[in-house]
Structures are given as structure tokens and as C-alpha cells.
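The structure appears below as C-alpha cells.
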Amino acid sequence: MSNDIAQPLPTSAAAPDPVDKGPIREMVIRPRSGWIAIDWRELWEARELLYFLVLRDVKVRYKQTVLGVAWAVLQPFFTMLVFTVIFGRFAKIPSDGLPYAVFVFAGLLPWTYFSSNISQASMSLMNQQSLLTKIYLPRVFVPAASVGSGLIDLLVAFVVFAGMMVFYGVGVGPGVLALPLLVLLTTAASLGVGLALAALIVTYRDFRYVVPFLVQSWMYLSPVIYPVSMVPPQWQPLLALNPMAGIIDGFRSAIFGLPWNFTTLSVSSFSSIILLICGLYYFRRTERKFADVA
Amino acid sequence: MTTPAIKAEGISKLYRLEHGGHGSKTFRDLLTDMATAPLRRFRQIRGSDVSMEDFWAVQDVSFEIQPGEVIGVIGRNGAGKSTLLKILSRIVEPTRGQVTLRGRVASLLEVGTGFHPELTGRENIYLNGSILGMKKREIDAQFDEIVAFAEIERFLDTPVKRYSSGMYVRLAFAVAAHLQPEILIVDEVLAVGDADFQKKCLGKMREVSKGEGRTVIFVSHNMGAVTTLCSRALLLERGALVAEGPSSEVVDRYLVPVSAGVTGAYDLRDTSARADNFSKIIVAARVLDASGRLTLTAAPLQKIRIELDLAPLASMRTPMIDIGFNNARGERIFAVSSNLSPTPLGSVTGASTASVTFEMPPLYPGRYEFDVGLMPVSGRYIDYVTPAGQIEVLHDGYLQSPYPYFVEMGSVLVRSRWATHPSETKQEVEKEVS
């Protein structure tokens, strides 16, 4: 059933040259210190490894479970149900004039993607120590591969969401075309956080207990259950420092055709990129010690 | 003079050992460390801080390996072999020195790194292959060969968690054996699988180095495999490179340590190998060969005599003395006991010497340590020294086979003769995967 792993990769299909390693390359191993630049050439050459790691994560995720893809449907759906009852009905949190269920689901889409990426990526190195201690490979790929299964879950959740939109009779505008860009920003931010946490957890094992708490607190600092408009205007730029604030707000603007809040979005985009860069560099800095401490 | 494939210049690796601490540091430790740093600095000045110890796992090792050479790295446990391989494989970074590698490097420190039990054989071939650094095209090109080498055709689409351990290892090795790097670094992974498969792997390794001109670095405890496969060998001792040269010479050097002081005679009067609660009764041990000379080595079936000097005893009618031999992993292999001798030991009074003569069994070659113990006719040991001394069982071609013997096959070498003859009925013996 899973012969598809042997299908040609789109990346290599275009290259007709025979298997050959080209000229002999010289490599020098020596102690390094401080900040270490990212070896983009190495990452590019090993890109197929990333593909196979993503494929593995996706396959394993859906093979091991009884319900398979149903989890990707049920989890955000029930979260939405609970939030709608508690925050929509009981707490009567405003939802920019939309049905609360649709409103909260639109926020849960990027949020679930973001938080599951962080949880998966941060534990990835600790759960696969042999990839650190028994072999050399571009280690950035190990946490990065966790993003793949999150993306599949996100796609499935989108389908459920489309059904809800139809049910509630909410239409979509041309803004949805901006969604891929917002998903990309979410990926950048979650990867930045995930890489840093993965590196921290390899070095300091007890940091893994921080992750669930961090994710939980982060949700309340993000406009998942409440609209950005509920926050006093003078605090909004501060809120936007949280990348998820602008991204979630952007998701709602894109889907529901609400006016865009460009200040919030640009601050959040900026902080997403900063998070990714910081995460990557912290990871690179600690990477050379991984095999010693793992 | 060709450019070396591997050039190591003064590589060293320092580890900090924390006493009383266990491996991984926690964030909590970091916080406490920060809080107690001023106090520790004060203690350090007074020289009373002993909580950290520096340990050079590899120290100032330099060597050159020419393209196409097969090099064996040997040494006792903890000599730094694995650390050296990890440095060459880029897994750990050296503390000092540098290595220049010319060509694509692949290392094989574990069989099946990254295998996922839930994935099928086919999926794992691609996953493991790419983890080892193979391109997808290379895997595609060699896929059928890998499958045939591993002999798993029928189970290609079965999750590997349902594989027998033999199948699992065969598949993992098959992927690795089809790597095509210029430099291959291998750590004792041959020590797995059944004998037949090992033979196949050795054949493959020989083919890899001879036929395809690849440089291979091979770490092993198996001196047979090193002498058969490698042209040259490096001997590591406590992190330092102590010998380098033709593999048979280096292997001999390893098996017969010429370090001063160790002669085959062991002074046990004040040895730290005796626990505090024992009396100092066995005060010396000597290992002698058939001609009565002190020796450190014994060939299989060679006569060995061990003499134990006993301190004056308050009359003991027939004490029991045991000598037990342990292999490098600390497992007891055999023991000789005065109680099990056809003629039991007589009564002992005053200072005396007990001696035992026996034939060294054909053990797997390598170093064995022996313990000595003495107990009154019944009851507990009143003296026990572990280890009291050592003896190296030599590799002398006892099996008369061109192939090496692996310690995993068992500790005792048994010469055997094999033959085949046609049988009447052909039996189909196929193990089904459950």
C-alpha cells in the first residue's frame, strides 16, 4: 500500500546526469566556537533527506493511530466546540460580528498548526538521539521535518472549516489568496521556536516540562478566543510582537474579508522572521555539542 | 606521493566528568550552578573543588591514510576508538587539532540508525539510505541489489517491527553495504547477525576496499577480522596512538603488552583489588608456562601453571582455593577449583605456596583476568582478590579457517569438520513471519 515512497522525487526527476559525486571534495574538521554560519549548500545537497524524514513522520503519524486522519478532524473540531460553549456562550466574548464557532475555528487553524509544530519539533531530537550520536546529518532537518505532519493536519482542518462556512452561510472573499503566505509565516515562527526548544531540551532535559506550559500561556497571549479589537488600541502593537497575533488576525481578515490591520501584520511578520533567525542560529551554536550531551 | 584520503593532525577530545553526577545536565543544575558560582570560585582558589575532572578521550592523535587503504583501529575498551571514529564522522567536534578528509564520508557506527519499526522494509531502505547520505537515485539504482543481499524479498512491504532480529540486521547492513562513499568508517557492526551473514559482510567489505578502491576505517575487537581485512592498523591506548603499522604486527603488539612492571607475577599484599573485609592470605600470584617461566600469554591448549603464595594461616585443614577467569566484558568464562581436583589440597599451616596446573582452553583470543579466592572447607571466602592478574589468550589460527571467529558466536573455539551429502527427501524449511 505504501509503494509511493519509491516514486521519483520531483526535485531529482529533472536531473538526467548519472549518479556520480563529481570532483573529490576536501573537508576539514576542526574545533569551532561562537556563532556558526548555516551551511546552505549542505542543506541543499541533503534536501532529499528532509523529504524522507517528512514522509516518515507523516506516515508514522497516520499508521500508528486507530482513527488515522480522523484525528486531524476531531481534535480541532472538539476544541472549537468546547471554546464556543465556554468562551462564546458563557463568557460572551465578542467575535467581530461573526458566529463564534466560525470565528474561533478560524483562529484555531493557524494556532493548532503553530502549537503542534512546536510540541513536535521540540521533542524531536530527544526522541531520536541515535540521529545525533550515531551518524552525522544536517541536524536542522530533524526538528524541521516535524512541520510536515502539522501541514497535513492543517489541510484536513481546512476542509472541516470549509464545511462549517457552508453550514453557517459565511462567504469568503479574494483575501483567501493570502492564506499560503500566512501559513508560511506561521511555519517560520513555529520553526524558530521549535528549533530553539529542541536544542535546549537536548542540553537541559528538564526544559521539556516547560513546553506544554509555554504553549498554553502563548495561546492566551494570542487572539485565538478573542478578537484583536478587544485589546485596547494602545496595547495592540505590543500584542503584535507575538507573531501569532498578526497571523491569526490576518487569517480572519483573509477568510472573512474583514479590513486588514497592516500595522499588526507587519510587526508580527517581522517578529516571525526574527524568531526563525534566532532559533536557527541558536541551534547552530549548540549543535556541535549535541553528541557530547545527548 | 599521493594526497592522503584522511589526514589527522594532533586531534584531541576533552570530556569533563562530573563526579557523582550522571550524564545529562538539567536546566535546574544550570540555575544552581549559577547561584553557587561565587562560592565555587572561592573553593577553587583554595584548591578544594574536586567535582569536575578533565578526561582526554583522545589525545594528540596524528596519522595519514592513503586512498584505498583499509585501516583497523584496535585498543581496549575506553581506549578512545569510538571517540576517534565519532570525530572522523563529524559527530563530535575535536577539542584540538584538525582532520582533513578528501572525498565523501559515510559512517556506520550502528546498524539501522533511523530505522522506524512502523515503516515497511521498502520505506526503511529509502529512509535509512538517505540518513546514511545516499541520494535517492543511488538507492533506486541499487534497490534490487540491496533487497537481494538482505534476502528479504518476500517481506519488502511488511513493517520491520514484524521482522526477526536476523532479518532486521540483514536489511540494515545491506543498505549500508551499498553506500558508495570514498571513505567508509565502520564500527564493529559486523559483530551482529548469524555467521553466514557475517561471512557475506566480510566478503562485501573486502570487495568494497579492493575492487572499488575505497578507503575504509574499521574498528574491531576481533583481531582475526582486523588481520584478515586490514593492511595497516592503529593501536590506541588511553586516548593516545601507541602503534601504527602492518596489521599483524600491531595486533601482536596489542595482544602482548610490553608495559613495564607487568610480567606475570602479581604482588597481592596491598592490592586495591581486595575488598576491605577480606584477610590478606593470598599474597602473590604467578603465571608460568610449561617451562616454568613467567608468562602473560597462553596459546589454546598450552599448559599453564599458577602459583599462589599464602601467608601463614592459623591451621586450616583443607582450604578451598578457586581461580576464576573473566573475559573483557567481565563475564565469568571458566574456573578451576581445588575442590574439583582429583586430589584435594592437603592441610595448610605456616607460609606455603599452592599451585595448579591446567590446559588453557581454546578461548576466543583476547585478554582474560583472573580472580583468586580462598575459603575454609565450607563457608564464605575469607580472601578474595578480583582481579588478581591477567592472561592473554593468543590468536594462533586454532580453527585453521580463513575466516575470523566472532566473540558473539561464543567464548570457546571448537574445531569442526563439515560435509554435505545428498539426502532422500527435500525438506522445505521456511520460517513464516507472524
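Laboratory data are not the source of any read-out in this text; all were calculated from the coordinates shown. Every value quoted in this text rests on a predicted model; they were computed, and no experiment measured them. Neighbour counts run over all protein chains shown; Cβ positions are idealised from the backbone, glycine included.
Considering only DSSP states other than H, G, I, E and B, which GluC sites (Glu not before Pro) in segment B:267-372 qualify as loop sites with at most 10 other Cβ atoms within 10 Å?
Values: sites: B:307, B:331, B:359, B:369; in loops: B:331.
Passing sites in segment B:267-372 are B:331.
Extension gain for residue B:16 to residue B:380 (0.36 nm times residue separation, less C-alpha to C-alpha distance): 126.9 nm. Note on B:133-140: average number of Cβ atoms from other chains within 10 Å of each residue's Cβ is 6. Between residue A:184 and residue B:55, the distance separating the two model label sites (each 7 Å from Cα on the Cα→Cβ line) works out to 4.9 nm.
Across peptide A:202-214, the average count of Cβ atoms from other chains found within 10 Å of a residue's Cβ is 3. Spin-label model, residue A:213/residue B:318: points 7 Å from Cα along the beta carbon direction are separated by 7.0 nm. The calculated P(r) of segment A:242-294, using every Cα pair and 5 Å bins from 0, goes 5, 20, 18, 14, 11, 9, 9, 7, 5, 3, 0 in percent. At full extension, residue B:358 and residue B:340 could sit 5.2 nm farther apart than now, given 0.36 nm per residue minus the alpha carbon distance.
Rg of the Cα atoms in segment A:39-293, relative to 2.2 N^0.38 Å, amounts to 1.03. Other residues within the sphere of radius under 9 Å centred on the Cβ of residue B:335, judged by their own Cβ, net out at -1 (K and R +1, D and E -1). Multiplying the residue separation of residue A:277 and residue A:89 by 0.36 nm and removing their Cα-Cα distance gives an extension gain of 63.6 nm.
Scan chain A and note any complete DSSP helix (H) whose C-alpha atoms cover at least 15 Å along its axis and whose Kyte-Doolittle average is 1.0 or more.
Length and hydropathy pass: A:70-83, A:146-168, A:179-203, A:210-220.
All distinct Cα pairs of segment A:141-266 go into the 1/r average, and the inverse of that average, the Kirkwood radius, is 16.2 Å.
Helical content of chain A, expressed as a calculated mean residue ellipticity at 222 nm, amounts to -20000 deg cm²/dmol (DSSP H runs of 4 or more residues, -39,500 (n - 2.57) each, divided by residue number, nearest 500). Once each of the trypsin sites (Lys or Arg not before Pro) sitting in a DSSP loop with at most 15 other beta-carbon atoms within 10 Å is removed, chain A keeps A:93-288 as its longest stretch. With q set to 0.07, 0.08, 0.10, 0.12 Å⁻¹, the log10 of I(q)/I(0) for the protein assembly as shown, from the Debye formula over equal scatterers at the Cα positions, is -0.67, -0.83, -1.11, -1.35.
Compared with the rule-of-thumb size 2.2 N^0.38 Å for a compact globular protein, segment B:265-393 has a Cα radius of gyration ratio of 1.01.
To the nearest 0.05, what FRET efficiency results for residue B:263 and residue A:32 with a Förster distance of 45 Å applied to their C-beta separation?
0.45
Between residue A:262 and residue B:408, the simple spin-label model (points 7 angstrom out along Cα→Cβ) gives 6.6 nm.
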